[in-house]
Amino acid sequence: MSKPSSFVSSKKTVQKTISSGQPLFLQFDEIDKSLANKFISFFSTGKWERRRLRISYNSYLRQLSIQMPDHIHECTGDFVMYLWRNWENTQILSPDVADLFCRHPSPTIRGFVGRYTESSKEPDFFLAPLGAPFPSIAFETGFSELGENLIRDKDLWIQGSGGATKVVILINIMRRPNTDHGYEASLEVWRTTDCQKVVVFPELLDEGDPVITLGDLWGGRSVPTGYDEKQELPLSRRDLRISLLKAIETSIG
């Protein structure tokens, strides 16, 4: 974390870090909205846009984060696609349900409420009924980040969406050279009042897969006729392991 002495010097810091070829995660403190807008405008155009930078601003904490994910960080999209396919294969969801949802990585979301009014956020992946202003299910992946950053993201979604985001799923990945595959990873499922956490690496424990419900997926809206809002949708730890291993192999290769 750092306090920017000026937009120009902070911009140079970001450019230098990107040029180093290392995974990028920078966080600047005490950023007001006007300065945040300068960063977002500059790094969302031209060659920077092609770098797939993810820029988020938390107006309550006055923190700006700039991230350029690597292969491991972006395992989230594969994981969600595995999940959706399994829900269809087990006939929890029919194939036509996919047409009723947005399923995308890192769109910029604005319109937060309360103390987060001026914030903007790019989730690593999200699920939302068509036309919904916020994801019903938001996915955030932390790779070599402090765990507290993921918790701040969780608070932004659950509190700042005015209740529209029902579940935040955190994938917390940390380097651990002396463990299997060199990483530890956990899957956390957060709601307003509770959290379920399970281990994914170094090995699966006998603790079962966490779940969300159809009611969560539809964001509190009425589910279509023939569906039960209490129907559980398992979040397969095995599928997350597969996604992570694929990303690790790609990163090493």
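Laboratory data are not the source of any read-out in this text; all were calculated from the coordinates shown. None of the values given here were measured: they were computed from a predicted structure. Cβ sites come from the backbone with ideal geometry, for glycine too, and all protein chains shown count toward neighbours.
Pairing the Cα long axis of helix 75-89 with the longest principal axis of the chain, what angle in degrees results, from 0 to 90 and rounded to the nearest 10?
20
Between C195 and E148, what length comes free when the chain is fully extended (0.36 nm per residue of separation minus the Cα-Cα distance, one decimal in nm)?
Length difference between fully extended and current span is 15.4 nm.
Run the quick spin-label model on E118 and D228: label points 7 Å from Cα toward the beta carbon, then report their separation in nm to one decimal.
So the label points at E118 and D228 sit 4.8 nm apart.
What is the spread of the Cα atoms of the range 75-252 along each of their three principal axes, largest first, in whole Å?
Sorted largest first, the three principal extents are 48, 41, 29 Å.
Quick one: order L61, L240 by neighbouring beta-carbon count within 10 Å, fewest to most.
Fewest-to-most Cβ neighbours within 10 Å comes out as L61, L240.
Say each of T108 and T213 gets a label point 7 Å from the Cα, pointing the same way as Cα to Cβ; how far apart are those two points in nm?
3.6
At what distance in angstrom do the alpha carbon centres of the range 88-145 and the range 164-221 lie from each other?
What the calculation gives is 16 Å, centre to centre.
Gain in length, D96 to T250, computed as 0.36 nm per residue apart minus the alpha-carbon separation, to one decimal in nm?
So the extension gain works out to 52.2 nm.
Count the DSSP beta bridges whose two residues both fall in the chain, then state the antiparallel fraction as a percent rounded to the nearest 5.
Taking every DSSP beta bridge within the chain, about 80 percent pair in antiparallel fashion.
Give the longest segment of the chain that steers clear of trypsin sites (Lys or Arg not before Pro) in DSSP loops with at most 16 neighbouring Cβ atoms within 10 Å, not counting the sites themselves.
Longest gap between qualifying sites, sites excluded: 111-190.
Once both labels are modelled 7 Å past Cα along the beta-carbon direction, what's the H181-R52 spacing in nm?
According to this spin-label approximation, the distance is 1.9 nm.
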